[in-house]
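Here is the structure we will look at, set down as structure tokens.
Please treat every number below as a calculation from the coordinates, not as lab data. A quick note: this is a predicted structure, and the numbers were derived from the prediction, not measured. For neighbour counting, all protein chains shown are included, and Cβ atoms are generated from backbone atoms with ideal geometry for every residue, glycine included.
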Amino acid sequence: MTAFKDLLKTFRERNSLTKVEMAKFIGKTDGYLRKVENGGYTPPTFEVCLELAKVLKLSRDEENQFLEAAYLERTQSEASFYERIRENFMSASLIVNLPYPNSYEDNESVSKCTYLIGWETRSNQGILQPVVAKKLRQLIGKTIREFEYILQKIVIFKESVKFIIDIKPEANISEFVKGIMELTSRKLRTQFEELTYSPTIWSHTYTIYTIGNPPDLSYFKRNDEKKTIYSK
């Protein structure tokens, strides 16, 4: 995937904009944009990225690429803070108890946190029909793999999605969930015209539960089996 800083520079130069000119459009300084383009700062917030996309006159596909790069880099940067703190603790001979010692698929001994995550569609509408649910499953799976996390189980209903995920303890789970909701909403709305009626297909709330041994997600299938669109 192309780095955010490279995308920003390419799109800016294509529009023959200087850093000073672009900074004025989004209410930032040219020094700030210079740092972003040089990789000195992490990508801007979602709102600033949207402003940049407008200024840079990005197509829908370009905007999706731009926002996805920003999301992935902003979330992954959280690991740097954790690693520095962990190194300081270890050098001071302190014991750091990380949750859920376990093994990932490569059988290397690492730590993980296991979460049950879920959210619903906007106004609880039954819009996740089979073809949409299949694409949603692919998007969630692809994003989780890119972060090198593990998707244990996923169940998709017409009006909600629930899944169990193993992630690294340094990850910011709330930012990850908000980001994956924005990402999947945008991509599904791009692919399915019937979903473009609203700026987002998801509600504004989500649930995150810390769990030990993963539960059986068949619990969420309810009595009406017809509501279960995708289960794996």
| Whole-Hz ³J(HN,Hα) from phi, Karplus 6.51 cos²θ - 1.76 cosθ + 1.60, for segment 130-138, glycine and proline x | x, 5, 6, 4, 5, 5, 4, 4, 5
| message | For the ranges 183-189, 10-16, what's the packing order if you count other beta-carbon atoms within 10 Å of each residue, average per peptide, and put the highest first? | response | 183-189, 10-16
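How much net charge surrounds residue 53 when only the other residues with a Cβ under 9 Å from the Cβ of residue 53 are counted, with Lys and Arg +1 and Asp and Glu -1? Each step should come with its number before you reach the end.
On the way: positive: 54, 57; negative: 51, 62, 63.
Every neighbour counted, the sum reads -1.
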| Pairs of alpha carbons in segment 155-212 whose separation is greater than 18 Å (percent) | 40 percent
| note | For the table 28/162; 35/178; 24/134; 54/162, the rows whose alpha-carbon distance is greater than 31 Å are 28/162; 24/134; 54/162
| Using the per-residue mean of other Cβ atoms lying within 10 Å as a proxy for protection, in what order, highest first, do the peptides 202-209, 60-67 fall? | 60-67, 202-209
| remark: Per the rule of 0.36 nm per residue minus the C-alpha distance, extending residue 35 to residue 21 adds in nm 3.5 nm
| note | Ranked on Cβ counts within 10 Å of their own Cβ, fewest leading, 47, 146 go 47, 146
